Amino acid sequence: MIFVEMETVKLSEIVLKWFPDMMPFFRQNELNSMIVLRDGLNILEEDDALEIIQYSICEHQNQAYLH
């Protein structure tokens, strides 16, 4: 039996761990987004973190209203 430990973290935790220089470029509501990690933050790899960040940016852009 394989035990999978899921963990819920804010996007800010992922950004701080892998790409702290990017923090000023995010809005607070983006950083507060809750992300569910199947195997937890400790084993999250840089490529996966970048993919999560990119997806989150796209999701927030989809929610924006165009004027």
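For the range 17-32, the Karplus equation 6.51 cos²θ - 1.76 cosθ + 1.60, evaluated at θ = phi - 60°, returns couplings of 6, 9, 9, x, 5, 8, 3, x, 8, 9, 7, 4, 5, 5, 5, 7 Hz by residue, with Gly and Pro reported as x. Of ILE43, ILE35, the order by accessible heavy-atom surface (1.4 Å probe, DNA, RNA and ligands excluded), from most exposed downward, is ILE43, ILE35. Divided by 2.2 N^0.38 Å, where N counts the residues, the Cα radius of gyration of the chain comes to 1.20. Excluding ligands, DNA and RNA, the accessible surface per residue across the chain is 81 Å² with a 1.4 Å probe.
Hey, any idea what % of the range 7-65's accessible area is carbon plus sulfur with a 1.4 Å probe?
The nonpolar share, carbon plus sulfur, comes to 51 percent.
The values are calculated or read from the model by the stated rules, or taken from the named source; none is laboratory data. It should be emphasised that the depicted structure is a prediction, and the values quoted were computed from it without experimental measurement. Keep in mind that these areas ignore ligands, DNA and RNA; they rest on the heavy atoms of the full protein, side chains included. Shrake-Rupley method; radii C 1.70, N 1.55, O 1.52, S 1.80 Å.
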